[in-house]
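Everything below concerns the one structure shown next.
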Amino acid sequence: MKTIKSTRMFGGGVHPPEKKDLSCKPALVTLPVPAILKVPLVQHLGAPAKAVVEVGAQVKRGDMIGAAAGFISASVHAPTSGVVKGFEMLPAAVGRLVQHCVIEADGLDARSDLIQPLPDWESRDVKELIDRVAEAGVVGMGGAGFPTHVKINPPPGKRVHTLIVNGAECEPYLTSDHRMMLERTADVWEGIRILRKILGAQKVWICIEENKPDAIAAFAKIDCDDDVGVAILKTFYPHGSEKQHIWATLGVEVPAGGLPADVGCVVENIGTLIAIQEAVVKGWPSDSRCVTVTGETVVNPGNFYARCGTPYADLIAAAGGTREKPRKMIAGGPMMGFAVANAQVAVTKTTSGILVLDAAHATEFSSMACISCGRCNRACPLRLLPSEMSCAIEADDIDTAIDLHVIDCYECGCCSYVCPSHRPLVQHFRRAKGVLAARNAKARAEAQAKAQEKKS
Ligand code: SF4
Ligand code: SF4
């Protein structure tokens, strides 16, 4: 496979300490199945899955326990065989209560054969492959959790010419994609070929940051046609975001409010490609993932394959526990992750990492007034105005923040990272988006009620 070095740099961004050496060396470890799994029915962006099993039901690994409930939704499957003990509302990594299906494992780990493997995928039609990805509940495993069957099926009129594989893994501390690129190169490559067929994409770029030379070498060895290559990106944050990825690779800008498909691209993450490969070739629903467990206080940081529904505590124990009492635990990386309340939170399809910080590394600052230094504005890769947006939100002027395009902010955290006043900028933007979402939901409900009134 050919390799090119991309010298294009997007505006803004930051280069925080990488801290990947903590966890990138040890080989992947597969965790045993816990006795009790609490499987969230929301592991994706969009409508929660609707429970389709009753309390007391016997399930096998791969049986559907939650059905996709809308166009933007994804199904959820039993991660092992056992008995459904009940449903509980429990805190999830996203910071709210979510319905969980509680499964008591029977220790057999028997697989359901409801979904048949398609090893002959090359001769199958595209619709069958997309349906398979939907049936298997595959979602974007880079963190966003967008249902993959929607993303890989762009609306008519939008032709995808380039598949961009996101192997940047630019978040500090996280190394799960790196390990998978090394240890599951063949599966990633088959996932790429399946997705290339689905999209009808002529070109494929596998984009990897230059701090992973072994992963670059692993893909460069693959024998393939000239339309596929490895693009070596500079190590810089947030190279892994879709818009920055497309710019660095092709020099093409996705318009504000637009999607990669608007410029003929689809960007897919490493874990998602493995999930696509498993769904199609093996007939396995997406029910597990690779999670980085790391932090200076973790005794043996590394990467672990865990079933969805496994508590974080099991992964931290598998990594040897911690030297110091944890002060803070983050689902994901330090830039885009969410602080979680306790270690009983369950692994989902989007848990890329568990970062455990002790007092020395979880420094808490008090937020101060904005000094109008402009650093946040310069750091924003989308050229938004974080200082103005945050001041407006603090003054409860959400409309001004909306006019300043707060909705485009993808919460990369660069602005918060550089702010000398330690202002909670991303939290402000999440609040504004929450207010906007609530307003939109209210408007939809009112419109539906009016339509109902007219009918009756
Ligand atoms: S969090 Fe939002 S506003 Fe801040 S730098 Fe990132 S995209 Fe820009
Ligand atoms: S970096 Fe912080 S202090 Fe400086 S302008 Fe932005 S919000 Fe204000």
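Across the range 159-191, which residue is modelled with the highest pLDDT among those that are under 21 Å from Met336 (Cα atoms), part of a loop (DSSP other than H, G, I, E, B) and among the aliphatic types (A, V, I, L, M)? Only one residue fits best here, namely Leu174.
Every test in (1) within 13 Å of ligand 2 (Cβ to nearest atom); (2) in contact with a helix residue (DSSP H, G or I) (Cβ under 9 Å, 6 or more places away or on another chain); (3) of a type in the set (Gly, Ala, Ser) is passed by Ala432 save one, and that test is (1). The set of residues from the range 401-415 being in contact (Cβ under 8 Å) with a residue 12 or more places away in the chain and more than 7 Å from ligand 1 (Cβ to nearest atom) comprises Ala401, Ile402, Leu404, His405, Val406, Ile407, Asp408. Show the residue pairs that are 6+ apart or on different chains and have beta-carbon atoms under 6 Å apart, the first residue being within the range 314-326 and under 17 Å from Val345 (Cα atoms), the second being part of a helix (DSSP H, G or I). No pair meets every condition.
Checked against the criterion of being away from ligand 1 (no atom under 16 Å from the Cβ), buried (at least 22 other Cβ atoms within 10 Å of the Cβ) and small (Gly, Ala, Ser), the range 347-359 contains one or more residues that satisfy it.
Once the range 398-415 is narrowed to residues that are part of a loop (DSSP other than H, G, I, E, B) and more than 14 Å from ligand 2 (Cβ to nearest atom), the residue that is farthest from Phe10 (Cα to Cα) is His405.
Can you pull out every residue in the range 79-112 that is without any contact (Cβ under 8 Å) to a residue 24 or more places away in the chain and either under 30 Å from Leu199 (Cβ atoms) or in a strand (DSSP E or B) (or both)? Met89, Leu97 - these are the residues of the range 79-112 that are without any contact (Cβ under 8 Å) to a residue 24 or more places away in the chain and either under 30 Å from Leu199 (Cβ atoms) or in a strand (DSSP E or B) (or both).
If the condition is being in a helix (DSSP H, G or I) and either more than 7 Å from ligand 1 (Cβ to nearest atom) or modelled with pLDDT under 95 (or both), then the range 376-388 contributes Asn377, Arg378, Ser387, Glu388.
For the residues Thr175, Thr162, the requirement of being buried (at least 24 other Cβ atoms within 10 Å of the Cβ) and of a type in the set (S, T, N, Q) singles out Thr175.
Answer with yes or no whether Glu296 is acidic (Asp, Glu) and either more than 29 Å from Cys380 (Cα to Cα) or touching a helix residue (DSSP H, G or I) at 6+ places or on another chain (Cβ under 9 Å) (or both).
In short, no.
In the set (1) within 28 Å of the chain's Cα centre (by Cα); (2) part of a helix (DSSP H, G or I); (3) modelled with pLDDT of 90 or more, the condition left unmet by Ala437 is number (3). Residues in the range 217-227 that are touching a strand residue (DSSP E or B) at 6+ places or on another chain (Cβ under 7 Å), surrounded by fewer than 22 Cβ atoms within 10 Å (Cβ to Cβ) and not in a loop (DSSP other than H, G, I, E, B): Ala220 alone.
Results for (1) of a type in the set (Val, Ile, Thr); (2) under 23 Å from the mean Cα position of the chain (by Cα); (3) within 16 Å of ligand 2 (Cβ to nearest atom); (4) within 23 Å of Val94 (Cα to Cα), shown as yes or no for each residue.
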site: Phe365; (1), (2), (3), (4): no, no, yes, yes
site: Met368; (1), (2), (3), (4): no, no, yes, no
site: Cys373; (1), (2), (3), (4): no, no, yes, no
site: Cys380; (1), (2), (3), (4): no, yes, yes, no
site: Pro386; (1), (2), (3), (4): no, no, yes, yes
site: Asp396; (1), (2), (3), (4): no, no, no, no
site: Glu446; (1), (2), (3), (4): no, no, no, no
site: Lys455; (1), (2), (3), (4): no, no, no, no
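The values are calculated or read from the model by the stated rules, or taken from the named source; none is laboratory data. Only a predicted model underlies this, so the values are computations on that prediction, with no experimental measurement involved. Note that each Cβ is placed from the backbone with ideal geometry, even for glycine, and that neighbours are counted across all protein chains shown.
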